[in-house]
Structure formats: structure tokens, C-alpha cells
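The values are calculated or read from the model by the stated rules, or taken from the named source; none is laboratory data. Quick caveat: nothing in here was measured; it's all calculated off a predicted structure. Cβ: placed from backbone, ideal geometry, glycine included. Neighbour counts: every protein chain shown.
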Ligand SMILES: [Zn+2]
């Protein structure tokens with residue numbers, strides 16, 4: 001190998017190493033973003049579960065008709081895009097899809 005070829009090889013290795021480092025850096029940023037997003041969602045989920053457990057408790061006890069304060073709160077949570085039904089409890093409604101179980105909880109007849 002001539003000196004020129006050795007230097008060219010080193011330059012090539014240097015270039016590809018820089019590109020790899022750039023890729024690692026980008027991936028690292030993506031991971032940090034995902035971790036932050038995950039943390040936010042976990043907090044949101046915990047908060048909503050607390051809210052739901054507070055709201056669903058008086059609802060089962062109350063025997064009044066129409067939208068009680070509890071039902072109005074459930075309606076607000078539902079309209080914020082989350083399930084209030086027992087089946088999907090606290091999960092996000094995908095693309096605000098309507099949920100018959102939630103509607104039953106909010107607007108259903110008292111038994
Ligand atoms: Zn639901």
C-alpha cells in the first residue's frame with residue numbers, strides 16, 4: 001500500500017465513522033423524545049385513573065336520573081378522548097371513536 005492509499009483509506013474510515021456517530025446521535029435524540037413522551041403518557045394515565053376512580057364511585061351509589069355531577073365529569077373525560085367504561089377503563093379512544101359502553105355509562109338508564 002502506498003502512502004497516498006493509506007491516507008485515502010483513513011479519510012474514508014473517518015468519514016463513515018462521522019456518519020455513524022451522526023446516526024447514533026439522531027437515534028439518541030429519538031429515544032430521549034420517546035422516553036419523555038412515555039413519561040408524560042404514564043403521568044396522564046395515572047392522573048386519569050385517579051380521576052376515574054373518584055368519579056365512578058359516587059356514580060354507582062347515586063340513584064338519581066338525568067346527568068348528575070358525576071356523569072357530567074365522566075362526559076368531560078369521555079369528550080377529552082378517554083374511555084370511562086369498565087371494559088376499556090382509562091384508555092385513550094382511538095381517533096375519538098364512539099364507544100357504546102361509555103355512552104351507556106354516561107347516558108344509560110339507571111337500574
Ligand atoms: Zn368505552
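Points to keep in mind about this one:
- Residue ID - nearest to the ligand (Cβ to nearest atom), chosen from residues in the range 79-94 that are more than 15 Å from the chain's Cα centre (by Cα) and within 15 Å of residue 50 (Cα to Cα): 85
- When the range 97-111 is filtered for residues that are outside any loop (DSSP other than H, G, I, E, B) and surrounded by 11 or more Cβ atoms within 10 Å (Cβ to Cβ), the ones remaining, listed by number, are 101, 102, 103, 104, 105, 106, 107.
- Residue 65 passes every criterion in (1) modelled with pLDDT of 90 or more; (2) out of contact with any helix residue (DSSP H, G or I) (no Cβ under 9 Å at 6 or more places or on another chain) apart from (1).
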